[in-house]
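One structure below.
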Amino acid sequence: MAEREKVLEIRDLSISFRTEGAKVNAIRGVDLDLYRGETIAIVGESGSGKSVTTKAIMGILAKNGTIDSGTINYTWTDPDGSKHTKDIVKMSEKEIQSEIRGRKIAMVFQDPLTSLNPTMTIGKQVMEPMMYHYGTSKEEAYKKAVELLSEVGITDPEARMKNYPHQLSGGMRQRVVIAIALSCDPYLLICDEPTTALDVTIQAKILELIQDLQKKKDLSVIYITHDLGVVAKVADYVNVMYAGKIIEKGTIDEIFYDPRHPYTWGLLSAMPDLDTDDDELYTIPGSPPNLTKKVQGDAFAPRNAYALNIDLRLEPPMFDVPGSSSHKVASWLMDPRAPKVEMPASLRNRIQKMIKEGVAK
Ligand SMILES: Nc1ncnc2c1ncn2[C@@H]1O[C@H](COP(=O)(O)OP(=O)(O)OP(=O)(O)O)[C@@H](O)[C@H]1O
């Protein structure tokens with residue numbers, strides 16, 4: 001197997017927001033790795049910090065946000081084979097704008113309407129980034145834009161170039177957004193709930209499209225999503241976030257078939273499947289902690305039926321799951337001295353079923 005090439009390495013990232021009267025400690029020491037051609041997913045409930053983490057990578061934090069500590073090292077290889085690494089945290093807005101955002105790293109958001117300009121033709125919107133970042137001539141950009149639209153599955157691309165976003169369906173608009181994202185040949189694509197706003201049948205097509213393009217262009221992809229069904233289809237590695245921290249990470253099989261953190265158990269139990277009625281769906285009791293207050297011990301402890309005494313006092317470190325180099329869990333239950341705790345029987349059954357059906361890709 002070829003050696004894996006790391007493209008992104010986040011270490012100890014902490015981000016806070018100033019709000020009226022209080023500081024929100026939204027991201028509390030995140031470590032994340034991404035390799036070329038691979039896909040990672042960041043999952044977790046609303047407010048766990050998925051978007052803020054990826055926005056920091058793109059240098060688009062809200063004005064009231066500050067990176068308090070950490071590094072976001074991005075590595076790329078130039079056409080001459082030379083390797084470069086830069087810490088995005090230390091780059092100026094101007095550098096990020098010209099080198100990173102929309103060029104080496106591109107993003108696809110949930111709602112294509114918010115990322116498209118309603119007053120500009122599709123063609124102009126696909127052409128502009130190439131002309132801005134690479135100084136591509138208008139003629140060349142036009143040619144490339146038509147090619148890109150056809151590559152993302154838009155039929156009659158020359159006619160579509162003249163259309164405005166409202167003249168296209170939701171799925172088609174998302175294809176245009178993907179074409180724009182790919183127009184500057186990025187290394188890394190960040191997809192923030194890319195299919196949530198779309199019909200189920202269209203969802204599957206868009207995911208397939210992203211996967212095909214990823215293979216063709218050897219892209220690294222980060223998905224952020226609530227939807228574990230999407231994760232199972234696309235991800236190689238999963239990072240589970242809770243209250244601004246990654247609390248479990250591993251390969252797709254490790255997270256879906258051998259989850260260890262009670263929060264991950266909760267997320268998997270809450271995942272709808274074809275046999276579950278919506279009204280019998282499990283929800284994790286309680287709500288996430290207030291991040292304006294100092295979190296004492298394990299942030300999940302108050303919602304955790306398996307919490308130990310130590311969870312209320314001390315924050316758990318990342319434990320390695322024995323026998324795996326990729327599976328890591330921040331829970332005192334992983335300490336060799338902890339009592340042995342089994343996941344709920346209903347989840348165990350569910351996982352058996354998932355294994356049988358081969359739910360994870
Ligand atoms: N500009 C801001 N000002 C204050 N707090 C913010 C700001 N942006 C984000 N936060 C807080 O940071 C935390 C993480 O938010 P984030 O949007 O990353 O969550 P998320 O996991 O992406 O949620 P969702 O799935 O709903 O998008 C939340 O507590 C949120 O309220």
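The values are calculated or read from the model by the stated rules, or taken from the named source; none is laboratory data. Note that the structure is a prediction, hence the values are computed from the model and not measured. Here Cβ is always computed from backbone atoms with ideal geometry, including for glycine, and neighbour counts include all displayed protein chains.
Scanning the range 73-87 turns up no residue that is under 18 Å from Leu8 (Cα atoms), at pLDDT 95 or above and within 16 Å of the ligand (Cβ to nearest atom). Of all the listed residues (Thr75, Thr114), the sole one being loosely packed, with under 15 Cβ neighbours inside 10 Å and either among the aromatic types (Phe, Trp, Tyr) or over 26 Å from His261 (Cα atoms) (or both) is Thr114. Within the range 47-72, residues that are without any contact (Cβ under 8 Å) to a residue 40 or more places away in the chain and under 20 Å from Val7 (Cβ atoms) sit with their Cβ atoms under 9 Å from residues that are near the ligand (Cβ under 6 Å from one of its atoms) and in a loop (DSSP other than H, G, I, E, B), at 6+ positions apart or across chains, in these pairs: Lys55/Ala62. Contact map, the range 77-101: residues that are farther than 17 Å from Ile67 by Cβ paired with residues that are at pLDDT below 90 and not small (Gly, Ala, Ser), Cβ distance under 6 Å, separation 6+ or inter-chain. Pairs shown: Lys83/Thr77.
Applying the criterion of being more than 18 Å from Met120 (Cβ to Cβ) and among the small types (Gly, Ala, Ser) to the residues of the range 145-169, the residue that is surrounded by the most Cβ atoms within 10 Å (Cβ to Cβ) is Gly153. Annotation note: Cβ proximity below 7 Å between a residue of the range 211-232 that is farther than 24 Å from Glu357 by Cβ and at pLDDT 90 or above and a residue that is part of a loop (DSSP other than H, G, I, E, B) and within 16 Å of the ligand (Cβ to nearest atom) (sequence gap 6+ or interchain) occurs for Ile224/Glu193. The requirement of being assigned to a loop (DSSP other than H, G, I, E, B), modelled with pLDDT under 90, away from the ligand (no atom under 16 Å from the Cβ) and of a type in the set (Asp, Glu) is not satisfied by Asp298. Scanning the range 334-348 for residues that are assigned to a loop (DSSP other than H, G, I, E, B) and not basic (Lys, Arg) yields Asp335, Pro336, Ala338, Pro339, Val341, Glu342, Met343, Pro344.
Please find, among Arg11, Arg18, Arg4, the residue that is among the basic types (Lys, Arg), within 10 Å of the ligand (Cβ to nearest atom), surrounded by fewer than 18 Cβ atoms within 10 Å (Cβ to Cβ) and more than 16 Å from Pro288 (Cα to Cα).
Result: Arg18 is the single residue among Arg11, Arg18, Arg4 that is among the basic types (Lys, Arg), within 10 Å of the ligand (Cβ to nearest atom), surrounded by fewer than 18 Cβ atoms within 10 Å (Cβ to Cβ) and more than 16 Å from Pro288 (Cα to Cα).
To keep it simple, each residue is scored yes or no on (1) within 18 Å of Ala330 (Cβ to Cβ); (2) at pLDDT below 95.
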| site | (1), (2) |
| --- | --- |
| Val238 | yes, no |
| Ile247 | yes, no |
| Ile252 | no, no |
| Ile255 | yes, no |
| Asp258 | yes, no |
| Pro262 | yes, no |
| Met271 | no, yes |
| Asp278 | no, yes |
| Gly286 | no, yes |
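Close Cβ contacts (under 6 Å, 6 or more residues apart or on different chains) running from residues in the range 2-25 that are on the phi < 0 side of the Ramachandran plot to residues that are assigned to a loop (DSSP other than H, G, I, E, B) and within 10 Å of the ligand (Cβ to nearest atom) comprise Phe17/Asn64; Arg18/Asn64; Ala22/Thr292; Val24/Leu291; Val24/Thr292; Asn25/Leu291. Going by what's in this entry, would Glu99 be described as surrounded by 13 or more Cβ atoms within 10 Å (Cβ to Cβ) and within 16 Å of the ligand (Cβ to nearest atom)? For Glu99, the condition - surrounded by 13 or more Cβ atoms within 10 Å (Cβ to Cβ) and within 16 Å of the ligand (Cβ to nearest atom) - is not met.
Listed here are the residues, each with its yes/no results for (1) free of Cβ contacts under 8 Å to residues at least 60 places away in the same chain; (2) surrounded by 19 or more Cβ atoms within 10 Å (Cβ to Cβ); (3) not basic (Lys, Arg).
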{"residue": "Asp258", "(1), (2), (3)": "no, no, yes"}
{"residue": "Ser287", "(1), (2), (3)": "yes, no, yes"}
{"residue": "Glu315", "(1), (2), (3)": "yes, no, yes"}
{"residue": "Ser324", "(1), (2), (3)": "no, no, yes"}
{"residue": "Ser331", "(1), (2), (3)": "no, yes, yes"}
{"residue": "Asp335", "(1), (2), (3)": "yes, no, yes"}
{"residue": "Ser346", "(1), (2), (3)": "no, no, yes"}
{"residue": "Asn349", "(1), (2), (3)": "yes, no, yes"}
{"residue": "Ala360", "(1), (2), (3)": "no, yes, yes"}
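Would you point out the residue of the range 220-255, among those that are closer than 15 Å to Met271 by Cβ and part of a loop (DSSP other than H, G, I, E, B), that is farthest from the ligand (Cβ to nearest atom)? Ranking the candidates gives Ala235 first. Counting the residues of the range 30-68 that are more than 10 Å from the chain's Cα centre (by Cα), more than 14 Å from the ligand (Cβ to nearest atom) and of a type outside the set (Ser, Thr, Tyr) gives 7.
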